[in-house]
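Colleague: The structure that follows is given in the form of structure tokens.
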């Protein structure tokens with residue numbers, strides 16, 4: 001099963017200098033407090049607003065760079081795994097049992113577009129490909145696509161793929177769609193035709209990102225990181241020097257990446273120099289997602305909720321150059 005769904009429910013946090021856990025509501029008997037200290041799998045941006053999702057249908061919203069959070073009513077108890085916003089107001093969240101939720105007011109209210117109650121196919125990733133055009137991927141080769149903003153979602157089958165394999169990440173690169181997943185499986189859809197493009201590594205890939213230059217990066221098991229460009233589509237491995245698995249990441253405004261993962265891994269990667277820097281962790285448990293707030297701070301989520309990290313306050317960690 002996907003490692004992101006195997007995260008523990010630990011609540012203890014280990015803090016380092018220059019890092020702090022996000023402020024919680026005064027009362028501990030609120031949905032926001034419970035979600036803020038529970039398992040969160042993803043955090044993203046809706047304009048300047050931060051949106052985090054996770055266990056038991058949790059959707060958290062922050063309008064002050066992650067300092068305080070409020071809980072939106074998702075209308076579901078399913079585990080929520082990922083979100084995407086096409087604008088500051090319109091977005092989608094996906095999760096367990098093929099759950100797909102939709103908002104048109106920046107996450108304040110959510111409507112269900114799809115769920116398969118009691119099913120065993122979870123969605124792990126969702127990508128915005130253009131006006132009303134989205135694609136979502138997940139467990140057991142699940143892929144769903146819509147061209148009308150989610151009014152209808154249509155199953156998509158990849159060629160010659162055993163349905164035991166999970167499709168952990170999907171993104172668009174220009175007119176193409178790229179999917180990465182379990183056991184090194186990866187595919188590209190070009191001109192409507194799907195073609196395998198395996199990463200050449202049997203370990204699972206848990207996430208993917210597109211650089212400012214349009215290169216695709218895939219990351220996953222045991223610190224693995226690969227890059228594919230339109231000019232040179234064959235995957236090339238980048239040595240991160242890490243054995244901890246990478247579960248989430250984001251591209252910062254300056255073009256560098258922040259990657260997070262097992263045992264509190266926080267790694268900064270510069271795609272221009274291939275330099276990797278591992279930073280002091282905000283926690284000792286798994287981190288699953290990260291977003292850059294409007295003020296430049298990093299908001300990280302994982303097994304023990306939300307952490308806010310100021311990159312300007314961090315001491316230089318271990319460093320390696322390709």
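Colleague: Are any residues in segment 183-199 farther than 12 Å from residue 228 by Cα and surrounded by fewer than 17 Cβ atoms within 10 Å (Cβ to Cβ), and if so, which ones?
Modeller: If the condition is that a residue be farther than 12 Å from residue 228 by Cα and surrounded by fewer than 17 Cβ atoms within 10 Å (Cβ to Cβ), then 183, 190, 191, 192, 193, 195, 196 are the ones that fit.
Colleague: Has segment 228-237 got any residue that is within 18 Å of residue 302 (Cβ to Cβ) and buried (at least 20 other Cβ atoms within 10 Å of the Cβ)?
Modeller: Step one: list which residues in segment 228-237 are within 18 Å of residue 302 (Cβ to Cβ), which gives none.
No: zero hits.
Colleague: Select from segment 256-277 the residues that are within 18 Å of residue 300 (Cα to Cα) and assigned to a loop (DSSP other than H, G, I, E, B) and write down the one among them that is nearest to the chain's Cα centre (by Cα).
Modeller: Here is the first cut: in segment 256-277, the ones within 18 Å of residue 300 (Cα to Cα) are 256-269, 277.
Among the residues that remain, those that are also assigned to a loop (DSSP other than H, G, I, E, B) are: 256, 265.
On the way: 256: 16, 265: 15 Å.
Per the stated criteria, the residue is 265.
Colleague: Only one of 248, 305 is in contact with a strand residue (DSSP E or B) (Cβ under 8 Å, 6 or more places away or on another chain), crowded, with 20+ Cβ neighbours inside 10 Å, modelled with pLDDT of 95 or more and under 23 Å from residue 171 (Cβ atoms). Can you tell me which? Steps first, answer last, please.
Modeller: Values: 305 fails: under 23 Å from residue 171 (Cβ atoms).
None of the others qualify; the one that does is 248.
Colleague: Return the pair list, or none, for Cβ contacts closer than 6 Å from residues in segment 57-77 that are in contact (Cβ under 8 Å) with a residue 60 or more places away in the chain and on the phi > 0 side of the Ramachandran plot to residues that are surrounded by 23 or more Cβ atoms within 10 Å (Cβ to Cβ) and assigned to a strand (DSSP E or B), at least 6 apart or on different chains.
Modeller: 66/50; 66/299
Colleague: Oh, and also: Would you be able to tell me the number of residues in segment 117-136 that are in contact with a strand residue (DSSP E or B) (Cβ under 8 Å, 6 or more places away or on another chain), at negative phi and not in a strand (DSSP E or B)?
Modeller: Looking only at that region, the number is 2.
Colleague: Go through segment 53-95 residue by residue and tally those that are under 28 Å from residue 121 (Cα atoms) and assigned to a strand (DSSP E or B).
Modeller: Result for segment 53-95: 19.
Colleague: Scan segment 118-138 for residues that are more than 16 Å from residue 42 (Cβ to Cβ) and at pLDDT 95 or above and jot them down.
Modeller: Step one: of segment 118-138, the residues more than 16 Å from residue 42 (Cβ to Cβ) are 118-121, 129-133, 135.
Result: 129, 130, 131, 132, 133, 135.
Colleague: Kindly provide the set of residues from segment 251-278 that are buried (at least 23 other Cβ atoms within 10 Å of the Cβ) and either at pLDDT below 95 or over 22 Å from residue 82 (Cβ atoms) (or both), ordered by number.
Modeller: Scanning segment 251-278 gives a single hit, 276.
Results for (1) modelled with pLDDT under 95; (2) in contact with a helix residue (DSSP H, G or I) (Cβ under 9 Å, 6 or more places away or on another chain); (3) surrounded by fewer than 19 Cβ atoms within 10 Å (Cβ to Cβ); (4) assigned to a loop (DSSP other than H, G, I, E, B), shown as yes or no for each residue.
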residue	(1), (2), (3), (4)
285	no, yes, no, yes
288	no, yes, no, no
299	no, no, no, no
317	yes, no, yes, yes
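Colleague: So which residues in segment 228-241 are out of contact with any helix residue (DSSP H, G or I) (no Cβ under 8 Å at 6 or more places or on another chain) and either within 12 Å of residue 186 (Cβ to Cβ) or in a loop (DSSP other than H, G, I, E, B) (or both)?
Modeller: We begin by selecting, within segment 228-241, every residue out of contact with any helix residue (DSSP H, G or I) (no Cβ under 8 Å at 6 or more places or on another chain); these are 228-239.
Hits for segment 228-241 are 228, 229, 230, 231, 232, 233, 234, 235, 239.
The values are calculated or read from the model by the stated rules, or taken from the named source; none is laboratory data. Predicted model, so just to flag it, every value in this text is computed and none were measured. Don't worry about glycine lacking a Cβ; one is built from the backbone with ideal geometry, like all the others, and counts go over all protein chains shown.
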